[in-house]
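Worksheet: one structure, shown below.
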């Protein structure tokens, strides 16, 4: 455990500290900038963007070698990857706009075809004399541990820019993600906002490509926003929570990876993010699965209890086993379905509320109130005590169950 | 087109064709159900699948690896479905979470395992190795009639042919259910047709096709084969039956032209070495798709600018 | 005391008699509750639709009309309740039901023809591999003819107008050759000619002894089209023959508010209301 804590506290050497800080920055930027791609329900465009960088990398290498330069010049390779990924984005957009194909088909086609072209170019490079040690394969899986100081600086600058733009333009992006038709009606250029969202993802992809590789940068763009969504209902908060989750998983992942041999940084970061996702999905207070299951079971019990009491009040037999068990457990019916004393009392109360509602709906012929007449909302929640008193006055004295 | 062709090109081309068709057939329904990206998810989890299979069996053998990959695909599909329903997350994001995590787990396990003396190669899984599937002992076309020579055909050929035939047969048998569950799921359920089971079966068929094909053409190019031929076919016709036939044509043509361009194309530019055949197959399928996007008779949605002609 | 409403509902609804499911009722539900999340869309609804007649399910938007139908068919899950078709559980009676979903529920860009869609109504009968030629092909053509779409058999479905799409869906249901026809908003967004064509077909079905239950939203045509109404706003509001249950009071209880009041004035001008 100590090596891990050392790494967490940046005490595990210069290189490990650099990797942890750089990865943390990248994770934060990716999480924040990926938010709107997810909210726009286009998370997998990130995947297409990442795969579409490959032909650009290959082509840039070939061109730089052909011009007599060093094919491994990082700036040139990144420029190439940005250009081809942007071309991929434009093609996706063009196919969806101009043909009957749906977005998912366009995304998948661009992803597969661009990657295919990239592989063709990589095999071309392998046959070039300069290509033997090109090392372009690291673009596939990344080489986080080999991070240099200048890489961390590039990430810090590029990442902050992307986060800043995300924050600056969060309102139009939220509008477009929530309801693009409404955004268009308000005068926003939906197409340009969409391109901006994709541009942000592209910027992060290009920044992080060399370090974590193209498959794993996708994870950093998708997993944190999805996890963050479980914790809040507000888009502006998703940005920051997602950034925090991305940053934390990258930082912790990098520290974990530095603490033992044979733990490659990229995958560990992704798996840390995945773990945070699982925790969020299961245990988040409102949207989490556990909370939802408990809520649903409670709701179902409430419905069945109420329906059972309504049936008792009307002297109908209760046929559904679950309803019967539920009422029996509360001592409201005997196992044969006959109501007990307290069952009769509860049923009488429910029957009375039902009759109160009848009066209420007669008195207040108002769509807002009738909408609350859903069988579950207690009448006390909708009307004041004196209003209910007035209903009771009209109803007359209570009648025992069975005498209806 | 003699001995050399039979030795070095015939089997890769056939394997390419069978792989492309096996993927394109389920792809037709996936694109109509807006589930094209499930192929992306499946093809990424092939790597963790084979790594786990290697860990469990300790050997690099075809059958355990295929089973491992298929198992991983099933696990991925179930996880995606669970996240979609339980977490109320849109399908694309659910897929993204699952396949990137599983891929990362695969890479991690690979690094943890001592695989120095065996050959599990991430690049190989991603890019495939179609060119190596040659029929070295063939001596020309007459070898096709020689049982001894036929026995030395690469295993991948028979495997891919069987998978392709099985998927085709399953599609024919379940044609009506597939069609109705894709077009109108509610009506299918009202008829008592197991629409969700059909949807799951379709994804399983896609997983089988992907797993069988990845070894030859690589897991990423598989995505192109799932999507490009059916998507191009959709723009050629307004009948599902014709769309499937067109997708088979595009898949076959992508495989043949892809292999030919990869093997012989560089020579036309006086380069000596061939380029990746699998990559070229994906490239050619993309060219077909672009051409149909530009000129396909039924490229536009009704109500869009260019109207379709009456059928 | 509770004011007696002049409906079957008031007499039947909460007395012991309605607890029994009439074996002859083409469609009966008991205690049906469906919820989307924490809000019931349909709460504890009892309903029983009469045989050999045309019934309308009526209620304001979001009142659970379509939900009731879909939950009865098992297309969406129910939280509680039971469904009987001709006295049998729904699973045993699927062959006796034909269903017309909402037109907007499918992708009309699907690559298929009018004839193909109508033949889908025969899929249960022919199974997976049974031949769809000869007599059965004739059935599909007849069904198209009955909705006046015979000439469009080989059209791509994306080229149809809204009304034509609705007719194709009706033809598909006819091909199912059922005893009970469930329709989800069959008149929504269709032209006047289509509305007439559809109602003619449905009335013919009734004359043949079939039962029709339709989700309906146009109050002005209830009286002329239907024999029986079921009023719903999450809960059952009233149910009975049109003459008895389709009253201003019941509608006001179902729709609530002044908005409905102006609506009702229009209706009484048209003469639709009792």
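The values are calculated or read from the model by the stated rules, or taken from the named source; none is laboratory data. Nothing here was measured: the structure is a model prediction, and the numbers come from that model. A quick note on method: Cβ atoms are made from the backbone with ideal geometry, for glycine too, and the neighbour counts reach across all protein chains shown.
With the structure loaded, tell me whether residue B:190 is without any contact (Cβ under 8 Å) to a residue 12 or more places away in the chain, part of a helix (DSSP H, G or I) and surrounded by 23 or more Cβ atoms within 10 Å (Cβ to Cβ) or whether it fails that test. When the stated conditions are applied, residue B:190 passes them.
The condition of being within 14 Å of chain B (Cβ to nearest Cβ), at pLDDT 90 or above and surrounded by fewer than 21 Cβ atoms within 10 Å (Cβ to Cβ) holds for only one of A:275, A:248, A:260, that being A:275. Quick check on the range A:230-243. Is at least one of its residues over 14 Å from the mean Cα position of the chain (by Cα), outside any helix (DSSP H, G or I) and within 13 Å of chain B (Cβ to nearest Cβ)? Among the residues of the range A:230-243, not one is over 14 Å from the mean Cα position of the chain (by Cα), outside any helix (DSSP H, G or I) and within 13 Å of chain B (Cβ to nearest Cβ), which makes the answer no.
For residue C:261, indicate whether it is within 11 Å of another protein chain (Cβ to nearest Cβ) and at pLDDT below 80. Walk me through it before giving the result.
Working: within 11 Å of another protein chain (Cβ to nearest Cβ): yes; at pLDDT below 80: yes.
The answer is yes for residue C:261.
Residues that are closer than 25 Å to residue C:204 by Cα and surrounded by 23 or more Cβ atoms within 10 Å (Cβ to Cβ) within the range C:52-67 comprise C:54, C:55, C:56, C:57, C:58, C:65, listed in sequence order. Scanning the range A:299-326 for residues being under 36 Å from the mean Cα position of the chain (by Cα), more than 7 Å from chain C (Cβ to nearest Cβ) and free of Cβ contacts under 8 Å to residues at least 40 places away in the same chain gives a total of 3. Among the residues of the range B:83-95, those identified as free of Cβ contacts under 8 Å to residues at least 12 places away in the same chain and either within 15 Å of residue A:221 (Cα to Cα) or facing chain A (nearest Cβ under 9 Å) (or both) are B:86, B:87, B:88, B:89, B:90, B:93. The residue list C:191, C:184, C:227 contains one member that is at pLDDT 90 or above, away from chain A (no Cβ under 14 Å), under 16 Å from residue C:53 (Cα atoms) and in contact with a helix residue (DSSP H, G or I) (Cβ under 8 Å, 6 or more places away or on another chain), which is C:227.
Scanning the range B:230-241 for residues that are more than 10 Å from chain A (Cβ to nearest Cβ), part of a helix (DSSP H, G or I) and either in contact with a helix residue (DSSP H, G or I) (Cβ under 8 Å, 6 or more places away or on another chain) or crowded, with 24+ Cβ neighbours inside 10 Å (or both) returns B:233, B:240. The single condition from (1) surrounded by fewer than 17 Cβ atoms within 10 Å (Cβ to Cβ); (2) within 8 Å of another protein chain (Cβ to nearest Cβ) that residue A:287 fails is (1).
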